[in-house]
Amino acid sequence: AASWQQPDAGALSQMLRESLAALGISSTDLEGAAGQLEAALESNDADPLDIFITTSRAHSPLMEQVAALAAENLQEAGGRLAPDHPAHLNVGTLPKSLQASIRTWLGRELVRVRLYDEALLTFKEVDATDSADPAATLFFRGACHHALLQKNEAMVDLQRLLENEKDCPVRYTRTAQLMVADISPLKADSLDEISRLMTDVTRRLDLGRADENVQDREQKIIDKLSKLIEQIEEQQQQQQQQQQQQQQSGQGNSQGDQSTPMNDSQAAGGSGSGDVDRKRIEERDGWGKLPPAERKEALQQISRDLPTHYREAIEAYFRKLATDGS
């Protein structure tokens with residue numbers, strides 16, 4: 001059985017009644033609000049969460065303040081829900097259904113403009129079953145985790161959402177399935193992860209951010225690329241050593257077939273050839289000193305799975321590395 005259910009019109013009306021009663025709203029106003037909610041749900045195809053928030057804010061100055069601020073400055077509204085904000089809007093004082101619903105509503109709006117960090121802080125601790133729209137809570141929070149590469153957290157919310165597909169809007173179900181399939185194979189330090197980190201940094205820069213957080217993420221990308229480069233370099237060296245050993249083995253077999261008087265000169269020649277090969281490997285030890293053909297091959301291995309618009313950045317990184325190593 002699913003761990004959550006999407007409330008129908010009757011359940012939403014009851015949720016509103018209990019929440020407004022906890023605020024001390026008069027029975028007359030309470031009945032009027034419930035009637036308004038039920039009529040709105042029946043008369044049009046408006047989003048149930050929007051209807052619940054619109055009805056509730058008329059009876060809660062705090063919810064009205066949050067919603068009005070969101071209309072003016074969405075990012076500021078999200079920031080002011082943080083407890084350490086100087087002008088903190090303490091929605092924690094609201095009944096739990098109103099609190100969960102206003103947090104879900106605001107988080108959803110933040111996700112829609114790609115403000116994932118702010119959205120996650122807004123509804124990270126929300127219990128979906130307290131919300132007027134549990135499906136929205138799970139979907140948009142899962143989308144935040146997905147965008148921020150928080151694989152485990154994304155899987156928890158998205159898989160829980162998919163427990164109850166019959167109560168989900170089709171767009172949520174289909175998109176959630178795609179997000180699960182997309183993030184499931186994600187591995188740390190992989191090309192896929194590096195590409196996604198680059199996408200996230202690009203998003204932050206598009207939003208006009210270049211703070212320490214963005215710089216840390218850029219450094220993380222460089223560190224992961226460096227680690228990947230070292231792995232490719234080690235693979236190249238291992239391949240070269242294997243080829244050298246095979247060549248030496250072939251030369252040894254050839255020498256064994258020669259007549260005995262030639263042993264001394266051939267042994268000297270074989271030793272000399274091996275020393276030269278080892279010296280060449282040592283001389284080009286380090287990525288920047290790999291021969292151009294081998295460096296190009298390794299570059300193709302690294303960049304082939306990345307989006308096209310990132311390849312130039314990686315090529316520039318390699319060129320810098322080669323220059324530093326020369």
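Contact annotation: residue pairs with Cβ atoms under 7 Å, 6 or more positions apart or on different chains, pairing a residue in region 227-245 that is more than 23 Å from I194 (Cβ to Cβ) with a partner that is assigned to a helix (DSSP H, G or I) and modelled with pLDDT under 85, are Q240/I281; Q244/D277. D127 falls short on exactly one of the conditions (1) at pLDDT 95 or above; (2) more than 25 Å from N90 (Cα to Cα); (3) surrounded by fewer than 18 Cβ atoms within 10 Å (Cβ to Cβ), and that condition is (2).
Taking the criterion of being small (G, A, S), part of a helix (DSSP H, G or I) and under 16 Å from S101 (Cβ atoms), the residues of region 31-57 that qualify are A33, A34, A40, S56.
Please state which one of T129, T137, T122 is of a type in the set (V, I, T), part of a helix (DSSP H, G or I) and over 19 Å from the mean Cα position of the chain (by Cα). Exactly one of T129, T137, T122 is of a type in the set (V, I, T), part of a helix (DSSP H, G or I) and over 19 Å from the mean Cα position of the chain (by Cα), namely T129. All of A58, A70, A82, A77 fail the test of being touching a Gly at 6+ places or on another chain (Cβ under 9 Å), at negative phi and not polar (S, T, N, Q), apart from A70. Can you tell me which residue in region 103-117 is nearest to L138 (Cα to Cα), limited to those that are in a helix (DSSP H, G or I) and within 14 Å of the chain's Cα centre (by Cα)? Restricting to residues being in a helix (DSSP H, G or I) and within 14 Å of the chain's Cα centre (by Cα), the top hit is V111. For region 108-124, residues that are crowded, with 24+ Cβ neighbours inside 10 Å and basic (K, R) total 0. Q255 falls short of the stated requirement of being of a type in the set (S, T, N, Q), modelled with pLDDT of 85 or more, assigned to a helix (DSSP H, G or I) and out of contact with any strand residue (DSSP E or B) (no Cβ under 8 Å at 6 or more places or on another chain).
With respect to D45, determine if the residue is under 18 Å from A136 (Cα atoms), acidic (D, E) and either modelled with pLDDT under 95 or crowded, with 17+ Cβ neighbours inside 10 Å (or both). It is true that D45 is under 18 Å from A136 (Cα atoms), acidic (D, E) and either modelled with pLDDT under 95 or crowded, with 17+ Cβ neighbours inside 10 Å (or both).
The values are calculated or read from the model by the stated rules, or taken from the named source; none is laboratory data. What you see is a predicted model, and the numbers here were worked out from it, not measured in a lab. Here the Cβ is made from the backbone with ideal geometry for all residues, glycine too, and neighbour counts use every protein chain on show.
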